[in-house]
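See structure below.
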Amino acid sequence: MSETSKAVRVGIEGVFYSLTHVPDLVRYGSKPSREIRANPSLVEELSRKLRSFADATAYAPHQVFIGNMTPDELSRLPKPWYDNLLERALPKGAFGDVVEQESFYGLLSQADQFNLVSLCEPWFWDRMTKPGEAARLRLKSFAEVESLVRKGALPLYSGDKLVGAFEPGHTEDANLTAEVLLENLAAKVTAAHSLRALLDSLRLNPGEVDYVISCSEEAVGDRYNRGGGNLAKAIAEDVGCENASGSDTKAFCAGPLYAMIHGASLIQSGVCNRVAIVAGGSLAKLGMKFESHLKKGIPILEDVLGGFAVILGPAKAGEACLRLDSTAFHPVRAGGSPQAMAEFLAEKPLAKRGMKLIDVDRYAVELHNPEITVPSGSGDVPRTNYLTLAALAFMRGQIKKDQMEDFVRGRGMVGYAPTQGHIPSAIVYLGHALDALRNREIKNALFISKGSLFLGRMTQLSDGCSFLVERNED
């Protein structure tokens, strides 16, 4: 292997994805909570359209997310997928799992260091599955939990049963309300669960991780510093990565790919040997499009928290690697048009390596599930992105106009990710890409993420980055 090859290749050791099914937290998503305050009767209407754990597990896009089905297999299934649930669907997949709400409540309590979470003792005693598990939970009587709720704690439900309470961290700090702290802790525990499961699957000791980068969307802090918190180090602590430090990378939806590039750069430079990239679920985005789903009689599909973990290390022969010489960033001068995004994040980085758009076997873009976005008027986001890439390939004379649909079908894929902001943006395909590279079904895949910076009211610029993943043949 040449010195140049060593310098640009960083190994991708593995990935794990998790979906945590939390139907009774949908009411606390940003959009539902606002609408419920204005119209409390919405709680009952919303509750009637919540899915069971079995239905959420049997939902085909979720099976793709955790690795039990490929995106190509999903595209051949009858629609709507929510009316054509899979038989014998499993909550554990080749590179992920679906977690029940009750288990999630337990994880919240176990990770809570400030006595914020209280769970009803009678209800949780019956659900203990491991010896000593109850000792790690803050259990109270139903009367005590009910009293906490009356005093202002956020109630936690299982169906119509009150099963717990989440207390605020400070009565006078809007950033330490129970709602905000629940968002923060949910992001922490879902990311920690993914990292713990990945380390187990790779048979790695947590102490072998040198650095953790969190790209979760939550900005952890208090009234003096709303976004300065280090969620990455909290996750490392929870998982037992005692030799690791860490930091957060924030870039809205583009965060995961930025974090991958930052982590790979730490390894390439020799600063670290093994880096974990993690992200937890975004509770604020639960039920974001629930109104359009209710109007159309669709189940509440935004009822899961998405999390993932990736381990990066030195490149190894025959294994998948990230090519740092293929990375691209969306510069300020690029503007926000779809064509400009395609030019700067696909065409230009490929040209650096003497490649054309048609030299990429698979493109991973924003893979939002269209069954969630189309009914609300947001369109089929992945297809729109793939058509833009196909149009650019046509404009450059690489394909004919009548080949654009073939480009979309062959090099793109159907969307299957929940609307969790940072989760759908390309990173969800990494597990499938690793399998396809390992099986020599593809030679490479280009990952492209985009971000909307206007959300912070600081700029109207777009954002994004990209990189190529391939099999290390040296």
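Across the range 455-474, the qualifying residues are those that are aliphatic (A, V, I, L, M) and not in a strand (DSSP E or B), and the one among them that is surrounded by the fewest Cβ atoms within 10 Å (Cβ to Cβ) is MET458. Residue check: ALA309 meets all listed conditions (1) modelled with pLDDT of 95 or more; (2) surrounded by fewer than 24 Cβ atoms within 10 Å (Cβ to Cβ); (3) outside any helix (DSSP H, G or I); (4) small (Gly, Ala, Ser) but one, namely (2). Of the helices (runs of 4 or more DSSP H) entirely within the range 63-125, those holding at least 2 residues that are modelled with pLDDT of 95 or more and out of contact with any Lys or Arg (no Cβ under 7 Å at 6 or more places or on another chain) occupy 71-75, 101-111. Scanning the range 312-328 for residues that are more than 19 Å from ALA364 (Cβ to Cβ), out of contact with any Cys (no Cβ under 9 Å at 6 or more places or on another chain) and part of a loop (DSSP other than H, G, I, E, B) yields LYS316, ALA317, GLY318. Of all the listed residues (ALA94, ALA54), the sole one being within 25 Å of ARG362 (Cβ to Cβ) and of a type in the set (Gly, Ala, Ser) is ALA94. Taking the range 343-391 as the range and being free of Cβ contacts under 8 Å to residues at least 60 places away in the same chain and open to solvent by less than 10 Å² (accessible area, probe 1.4 Å) as the test, the residues that pass are LEU357, PRO382, TYR386, LEU389, ALA390. No other residue among ILE261, ILE267, ILE277 is out of contact with any Pro (no Cβ under 8 Å at 6 or more places or on another chain) and either at pLDDT 95 or above or within 29 Å of GLY227 (Cα to Cα) (or both) apart from ILE261. Considering the range 191-216, the residues that are out of contact with any strand residue (DSSP E or B) (no Cβ under 8 Å at 6 or more places or on another chain) and in a loop (DSSP other than H, G, I, E, B) include one that is most open to solvent (accessible area, probe 1.4 Å), namely ARG203. Considering VAL408, VAL360, VAL374, the condition of being outside the structural domain of LEU85 (by TED's automatic domain parsing), among the β-branched types (Val, Ile, Thr) and touching a helix residue (DSSP H, G or I) at 6+ places or on another chain (Cβ under 6 Å) is satisfied by VAL408 alone.
The values are calculated or read from the model by the stated rules, or taken from the named source; none is laboratory data. What you see is a predicted model; the values in this text were computed from it and never measured. Virtual Cβ from ideal backbone geometry, glycine too; neighbours counted across all protein chains shown. Ligands, DNA and RNA are excluded from the accessible area calculation, which covers all protein heavy atoms including side chains. Shrake-Rupley method; radii C 1.70, N 1.55, O 1.52, S 1.80 Å.
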